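Asker: Handing you a structure now.
The values are calculated or read from the model by the stated rules, or taken from the named source; none is laboratory data. Worth saying up front: this structure is predicted, and the values here are computed from it rather than measured. Neighbour counts are summed over all protein chains in view; Cβ atoms, including those assigned to glycine, are modelled from backbone coordinates with ideal geometry. Side chains included, ligands, DNA and RNA excluded: accessible areas come from the protein's heavy atoms. Shrake-Rupley method; radii C 1.70, N 1.55, O 1.52, S 1.80 Å.
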Amino acid sequence: MKLKIKDLQSSQVHDVPPEGAVLGRERAKNDIPVKGGSVSKQHARIYFGGGTWYIEDLNSSNGTFFGNRRITAPTPLTVGAVFSLAQQAFEVVAIEATGKGARQQPQPSLDDDIADRNTAEEKRPIVRKSSIREAAREPPPPPPQPMPPEIEDQPSMTSPHPVGVGVGPGEGEDEEPQSISFGYFMIAVPKAVAYYLAAAPVMLFTFPAYVRKSISEPRFHPMKWLELAAYFMPAYFIMMFVGPLCAFLASLLHGQVVITVLISGLIVAAISSVVGGLVGGLIWHPVNEWIIRKILKGESDPGSRTNYAMTFFTAIIIVTLAQGIGALVMALPRPATGIIAGILVIIYGVIGPILTLVGTAATLIVAYFWLKDGFKAARWAQIVVLVVGALAVLGTVGLFGSALWGGIQTMRAGGGGAVAVADPAAVAEAINKKYASELSALQEAAAKGDAEATKKYQELVQKMAAEVAEAREAAEKAAEKAAEDEAKKAADDKKAADDKKAADDKKAADDKKTDDDKKADDDKKAADDKKAADDKKAADDKKAADDKKADDDKADEPKDDVGGVDFSSGAVASGRTPYQDFVAKVKAIEKTISEDPTLLRDKKVADDYKRLLRNQTEIDRKFNKKVKEPWERKLNALYRDAAFYDENKKIVDRLHQNLQGG
């Protein structure tokens with residue numbers, strides 16, 4: 001009995017012999033090599049037993065699928081059945097008999113009932129390459145119940161939606177929305193919030209097992225960028241809003257209501273979640289694929305990157321909420337000195353480092369297991385994660401030591417008896433009030449794992465204790481300081497009076513200079529205006545003289561010269577042809593406007609003159625023909641003049657009349 005399967009991407013047909021075949025990554029040694037980075041080295045095997053062909057997943061990273069269900073046990077194959085190794089789809093095209101008496105298998109298909117039975121069966125152990133052939137000869141599992149005959153109703157094998165979790169409108173459809181829709185996010189984001197509410201408690205109490213299970217049994221099918229954005233937005237919002245919320249609650253504990261912190265934090269968190277979600281969803285797949293493949297030399301596909309994103313952001317949410325709780329604990333009021341204060345300093349001092357270590361460990365656990373088992377990254381990358389974890393532990397030990405020393409100093413500061421200069425309780429209350437805001441801010445930052453803030457917090461506590469111890473000395477020096485302050489105040493008052501007088505004198509001098517400058521500017525403007533008027537009068541006189549000379553010259557021109565036209569004398573004489581009058585008017589117009597271009601300020605004159613020039617250009621272009629004979633050129637020029645006359649007669653008459661002023 002021989003099985004034929006067809007690669008639906010390349011259309012290549014592969015023969016599977018009766019002893020079976022292993023399907024896996026192209027670079028590995030397999031019976032049937034499969035292209036694609038999401039395919040494992042030994043992904044699945046097909047074998048024959050008990051008269052039936054089966055396919056079995058070999059504990060691959062990205063799974064073997066029937067429909068949209070990931071199989072966890074050997075599954076029967078029939079003609080027409082379609083299965084996929086991660087994203088690489090295959091179809092069973094034939095089952096051929098190879099021996100006497102053998103018969104071809106019936107051709108029913110699978111549907112969701114068979115897929116459901118697959119998930120209920122016990123998962124078979126990983127089959128190593130050295131035992132593939134032996135396993136093929138083992139007795140097959142009991143055959144399943146008869147299968148339904150239709151395959152058209154199978155769900156898509158490439159559905160991007162998470163198993164058991166909806167991600168947006170059109171749940172169960174294969175296509176991702178093609179544009180950003182407010183309505184889509186109104187549905188998808190609440191579903192993402194529901195997922196985090198359900199997943200975070202489970203991860204919190206079963207952390208390593210949860211991370212391993214996210215690799216071996218992926219909860220999500222591959223998501224595209226818009227679906228990822230819907231899941232990223234709630235995570236970004238929590239990361240950005242927990243800090244301002246804790247700061248607001250801390251201010252309430254100290255009797256200082258700072259509502260602006262809460263409002264501004266809410267606005268920033270909302271904007272950051274939208275921007276971060278969209279940008280993060282857009283770059284998540286390409287950036288992580290490049291890092292995993294090019295730098296870490298691992299395996300990466302959309303499905304694994306999607307499940308890693310969900311696991312990573314769930315862990316981040318847990319860490320953020322834990323750090324927020326730590327910040328609130330550290331913000332609780334406490335005495336500034338004494339044994340109880342010292343103990344609280346130690347307790348509060350270790351909360352930050354512990355939360356830092358927990359947060360670092362959580363993210364490193366996710367990274368380590370995914371690099372090792374999910375992405376099959378290079379060994380050096382896994383070692384780097386372990387080294388970072390070891391350094392985090394060492395750093396936490398150092399912070400524990402600093403917290404212990406700060407507590408001891410606080411105890412010692414409160415053990416010297418009562419303070420003579422003031423009531424110890426009043427002094428402690430005053431110091432607490434003095435440093436309340438700074439102490440609260442450092443507590444919040446330290447709770448989030450900021451090592452520098454933890455150090456500053458411990459230094460501030462020591463400083464507060466030292467101030468209590470120094471209260472007696474401060475009281476003794478109070479009188480002396482008061483006298484010094486009085487003398488300094490008198491000197492400052494005198495200096496302030498001198499400075500004011502100097503400033504007043506300078507202002508008076510500046511005002512006088514401003515007045516002088518304004519008068520000089522006015523005088524200059526008057527002189528410029530007079531010069532402009534004189535220049536205009538001279539130009540007008542010159543124009544009048546030029547006009548008179550032109551009129552005199554025109555009177556001396558021959559009678560038959562149509563170019564000598566004088567508006568005032570009515571030189572467009574009767575007895576000429578209409579065309580001659582037209583030419584005379586055109587020349588007169590050109591001459592008049594050339595001598596006085598300011599006439600074009602009249603809108604009617606300017607509009608008619610522009611039309612005249614535009615028409616002349618268009619007619620010249622129209623009659624600009626290439627002719628060889630002289631008589632043809634002359635004839636073409638005459639046609640052009642006639643056309644110019646026909647097109648512009650009314651314009652010339654109107655323009656001529658407007659220039660005459662009548």
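Asker: Please give the FRET efficiency for TRP290 paired with GLU96, using the beta carbon to beta carbon distance and R0 = 51 Å, rounded to the nearest 0.05.
Answerer: On the way: r = 44 Å, r/R0 = 0.87.
Rounded to the nearest 0.05, the efficiency is 0.70.
Asker: I'd like to compare 577-588, 638-649: which one has the highest average count of other Cβ atoms within 10 Å, and what's the full order after that? Don't skip to the end; give the middle numbers.
Answerer: Values: 577-588: 17.4, 638-649: 15.2.
Going by the mean number of other Cβ atoms within 10 Å, highest first, we get 577-588, 638-649.
Asker: Which value, in Å² and to the nearest 10, is the accessible area of GLU459 when all protein chains are kept and the probe is 1.4 Å?
Answerer: GLU459 exposes around 100 Å² with every protein chain in place.
Asker: Beta carbons within 10 angstrom, averaged per residue: use that to sort the peptides 42-52, 604-614, highest first. Please report the intermediate quantities before stating the final value.
Answerer: Working: 42-52: 21.3, 604-614: 15.0.
Averaged packing, sorted descending, gives the order 42-52, 604-614.
Asker: Please compute the per residue accessible area over region 229-317 with all protein chains in place, 1.4 Å probe, rounded to a whole number of Å². Walk me through the intermediate numbers first.
Answerer: Working: 3730 Å² over 89 residues.
I get 42 Å² per residue for this part.
Asker: Using Cα pairs under 8 angstrom and six or more residues apart, how large is the relative contact order of region 1-47, in percent?
Answerer: It comes to 31 percent, rounded to a whole number.
Asker: If you don't mind, there's one more thing I want to ask. Obtain the nm distance between the two label points defined at SER264 and LYS495 by a simple spin-label model: each point lies 7 Å from its Cα along the Cα-to-C-beta direction.
Answerer: Each label point is offset 7 Å from its Cα along the Cβ direction, giving 3.3 nm.
Asker: With a 1.4 Å probe and every protein chain left in place, tell me how much accessible area MET239 has, in Å² to the nearest 10.
Answerer: 60
Asker: Please give the peptides 509-521, 190-202 ranked by average Cβ packing (other Cβ atoms within 10 Å per residue), highest first, as a rough proxy for protection. Before the final figure, lay out the partial values.
Answerer: On the way: 509-521: 10.0, 190-202: 16.0.
Taking the mean over residues of other Cβ atoms within 10 Å, the ranking is 190-202, 509-521.
Asker: Leaving out ligands and nucleic acids, note down the accessible area per residue over region 473-532 with a 1.4 angstrom probe, in whole Å².
Answerer: On the way: 5320 Å² over 60 residues.
Using a 1.4 Å probe on heavy atoms only, each residue of region 473-532 averages 89 Å².
Asker: Leaving ligands, DNA and RNA out of it, work out the accessible area of ARG305 with a 1.4 Å probe and give it in Å² to the nearest 10.
Answerer: 10
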